[in-house]
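Step one of this worksheet: look at the structure below.
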Amino acid sequence: MSNRSTSDFNISTQITQLGRDASKQAGFVNVPVYRGSTVIFPTVNDLEHNRAEFNYGTMGTPTIASLENAWSALAGAAGTVLSPSGLGAIALSLLTTLKAGDHLLMPDSVYRPTRNFCAGMLTKMGIETTYYNPLIGAEIESLFRPNTTTLFLESPGSQSFEIQDVPAMTRAAKKHNIATIIDNTWATPIFFRAHEHGCDLSLEAGTKYLGGHSDLLMGVVSANESWWPKLRQTYDLMAMLPGAEDCFLALRGLRTMHLRLKEAEKRGLEMAHWLSERPEVMKVLHPALPECPGHELWKRDFTGSSGLFSFVLKPEFTKAGVANMLDHMGIFGMGYSWGGFESLMIPFNCADYRTATTWQPGGLTLRIQIGLEDMDDLKTDLAEGFARLRAVV
Ligand SMILES: *Cc1c(COP(=O)(O)O)cnc(C)c1O
């Protein structure tokens with residue numbers, strides 16, 4: 001046996017080893033699905049002192065702990081908890097850092113259901129939300145109030161892909177004892193080290209690249225040393241956890257996540273460059289392309305890009321043209337979510353809900369997720385789609 005441990009290896013090696021121990025699994029490679037509510041204590045003394053590795057189903061199982069521990073190691077976190085969806089992870093994070101009377105700062109580019117949670121749930125609890133320009137950087141300090149306790153970040157922004165100056169913003173927050181939460185779903189810990197860049201809590205819609213097959217809903221929240229006890233406490237108070245099979249599927253997804261992300265990166269970049277050459281396209285909003293707001297920050301802080309981005313059509317195209325394009329695609333499906341094996345494309349319009357900034361991209365906008373289909377087939381599908389777009393003006 002080598003005396004090197006998992007943490008000595010590179011990330012793609014780590015991902016194959018984290019959270020499993022064949023010697024505790026009757027020799028089998030993978031952690032089995034533990035289903036259960038009840039855990040038996042051998043003696044009254046053990047029961048009274050809660051002396052057990054697990055003491056009740058809501059407090060965790062070996063399957064859940066395996067995923068939590070693997071994720072903590074991958075994210076460089078002190079601890080991790082799970083949630084039945086990405087939105088659940090957002091709720092859990094916010095309920096960890098906020099209390100009645102607090103003030104919260106949210107990027108105007110945030111995932112729209114996060115906005116709904118603030119309006120529909122946090123308002124009811126007497127928590128006020130202010131939306132800010134995602135490109136504000138260190139200037140965020142001017143929006144801090146005496147009762148500001150949480151600064152939320154999402155980089156890149158949902159649909160519009162602005163990259164935020166996370167180190168500058170977390171530094172400003174730390175000076176004022178303000179907790180920082182980041183929605184790191186797009187990059188995952190493989191392409192952005194959220195805790196190393198100063199974030200207290202980092203969440204991931206495991207529904208996307210962790211699951212990777214569009215058959216799973218999952219949320220993951222990791223915390224640094226100072227916020228881990230609070231996060232775990234909030235989780236234990238609510239007992240909102242994913243089902244055993246979903247944890248098993250997420251662990252399975254984890255084993256290939258590095259490979260899938262590297263492939264998504266390669267394909268995303270190839271398609272982003274191809275689209276930027278198309279006469280119908282005005283601008284490609286991909287963090288690795290210079291015209292994406294915050295591109296320089298992406299170059300400085302990220303180690304890669306995933307397979308989801310947006311593009312802006314030239315102003316002459318119409319909604320009817322876009323419908324003619326999207327209604328008849330051969331490969332690209334129209335639907336929410338992303339991070340699976342299949343290509344997707346949807347129209348979107350951030351102007352419908354922004355409040356702190358004006359969204360004026362200069363043309364109609366589409367968000368695209370590049371799946372694992374043949375690249376030439378995908379380009380042909382898009383080229384035929386563009387012909388339908390041009391046919392209706
Ligand atoms: C999809 C998504 C979520 C929510 O995940 P669900 O599992 O669908 O609830 C949160 N944040 C971002 C950035 C997402 O893309």
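The values are calculated or read from the model by the stated rules, or taken from the named source; none is laboratory data. Since the structure is predicted, the reported quantities are computational estimates derived from the model, not experimental observations. As a convention, Cβ positions derive from the backbone with ideal geometry for all residues, glycine included, and neighbour counts pool all protein chains shown. Ligands, DNA and RNA are excluded from the accessible area calculation, which covers all protein heavy atoms including side chains. Shrake-Rupley method; radii C 1.70, N 1.55, O 1.52, S 1.80 Å.
Would you pick out the residues in region 181-198 that are touching an Asp or Glu at 6+ places or on another chain (Cβ under 7 Å) and away from the ligand (no atom under 16 Å from the Cβ)?
Correct list: 197 only.
Residue pairs, Cβ under 9 Å, 6 or more apart or interchain, first in region 123-138 and hydroxyl-bearing (Ser, Thr, Tyr), second open to solvent by 60 Å² or more (accessible area, probe 1.4 Å) and part of a loop (DSSP other than H, G, I, E, B). List them.
That search, which allows pairs on different chains as well, returns 130/145; 131/355.
Only residues in region 267-282 that are within 16 Å of residue 375 (Cα to Cα) count as the first member; pair them with residues that are in a strand (DSSP E or B) and at pLDDT below 95, Cβ under 9 angstrom, at least 6 apart or cross-chain, and list the lot.
none
Can you tell me which of 95, 74 is within 16 Å of the ligand (Cβ to nearest atom) and touching a helix residue (DSSP H, G or I) at 6+ places or on another chain (Cβ under 8 Å)?
95
What's the total number of residues in region 132-143 that are open to solvent by less than 30 Å² (accessible area, probe 1.4 Å) and either closer than 13 Å to residue 298 by Cβ or part of a loop (DSSP other than H, G, I, E, B) (or both)?
Residues flagged as open to solvent by less than 30 Å² (accessible area, probe 1.4 Å) and either closer than 13 Å to residue 298 by Cβ or part of a loop (DSSP other than H, G, I, E, B) (or both) within region 132-143 amount to 1.
Could you tell me whether region 181-202 includes any residue that is modelled with pLDDT of 95 or more, open to solvent by 60 Å² or more (accessible area, probe 1.4 Å) and in contact with a Lys or Arg (Cβ under 9 Å, 6 or more places away or on another chain)?
No, that holds for no residue.
Which is modelled with pLDDT of 95 or more, crowded, with 23+ Cβ neighbours inside 10 Å and more than 16 Å from residue 154 (Cβ to Cβ), of 217, 269, 231, 237?
231
Anything in region 1-55 that is small (Gly, Ala, Ser) and surrounded by 11 or more Cβ atoms within 10 Å (Cβ to Cβ)? List them, or say none.
12, 19, 22, 36, 52, listed by residue number.
Exactly one condition in (1) within 16 Å of the ligand (Cβ to nearest atom); (2) of a type in the set (S, T, N, Q); (3) open to solvent by 60 Å² or more (accessible area, probe 1.4 Å) is not met by residue 83; state its number.
With respect to (1) within 16 Å of the ligand (Cβ to nearest atom); (2) of a type in the set (S, T, N, Q); (3) open to solvent by 60 Å² or more (accessible area, probe 1.4 Å), residue 83 is out only on (3).
Of the conditions (1) in a loop (DSSP other than H, G, I, E, B); (2) within 16 Å of the ligand (Cβ to nearest atom); (3) free of Cβ contacts under 8 Å to residues at least 24 places away in the same chain, residue 120 fails just one. Which one is it?
Failed condition: (1).
As an exercise: evaluate residue 209 against (1) farther than 30 Å from residue 334 by Cβ; (2) within 13 Å of the ligand (Cβ to nearest atom) and give the number of the one condition it does not meet.
It is condition (1) that residue 209 fails.
Can you spot a residue in region 308-326 that is assigned to a loop (DSSP other than H, G, I, E, B), surrounded by fewer than 13 Cβ atoms within 10 Å (Cβ to Cβ) and of a type in the set (A, V, I, L, M, F, W, C)?
No, region 308-326 contains no residue that is assigned to a loop (DSSP other than H, G, I, E, B), surrounded by fewer than 13 Cβ atoms within 10 Å (Cβ to Cβ) and of a type in the set (A, V, I, L, M, F, W, C).
Among the residues of region 362-389, which ones are open to solvent by less than 10 Å² (accessible area, probe 1.4 Å), among the hydrophobic types (A, V, I, L, M, F, W, C) and assigned to a loop (DSSP other than H, G, I, E, B)?
Within region 362-389, 370 is the sole residue that qualifies.
Within region 98-117, track down each residue that is in contact with a strand residue (DSSP E or B) (Cβ under 8 Å, 6 or more places away or on another chain) and within 16 Å of the ligand (Cβ to nearest atom).
Correct list: 106, 107, 108, 109, 110, 111, 114, 115.
Just give me the residues in region 334-352 being open to solvent by 30 Å² or more (accessible area, probe 1.4 Å) and either at pLDDT 95 or above or at negative phi (or both), in sequence order.
Once the filter is applied, which keeps residues that are open to solvent by 30 Å² or more (accessible area, probe 1.4 Å) and either at pLDDT 95 or above or at negative phi (or both), region 334-352 yields 334, 336, 341, 342, 347, 349, 351, 352.
May I ask you to verify whether residue 123 is touching a Leu at 6+ places or on another chain (Cβ under 6 Å) and either at pLDDT 95 or above or of a type in the set (Lys, Arg) (or both)?
For residue 123, the condition - touching a Leu at 6+ places or on another chain (Cβ under 6 Å) and either at pLDDT 95 or above or of a type in the set (Lys, Arg) (or both) - is not met.
Evaluate region 292-315: report whether one residue or more is within 20 Å of residue 263 (Cα to Cα), away from the ligand (no atom under 16 Å from the Cβ), at pLDDT 95 or above and touching a Leu at 6+ places or on another chain (Cβ under 9 Å).
Yes, region 292-315 contains at least one residue that is within 20 Å of residue 263 (Cα to Cα), away from the ligand (no atom under 16 Å from the Cβ), at pLDDT 95 or above and touching a Leu at 6+ places or on another chain (Cβ under 9 Å).
Across region 26-42, what is the number of residues that are without any contact (Cβ under 8 Å) to a residue 12 or more places away in the chain and in contact with a helix residue (DSSP H, G or I) (Cβ under 9 Å, 6 or more places away or on another chain)?
The number of residues fulfilling the criteria is 2.
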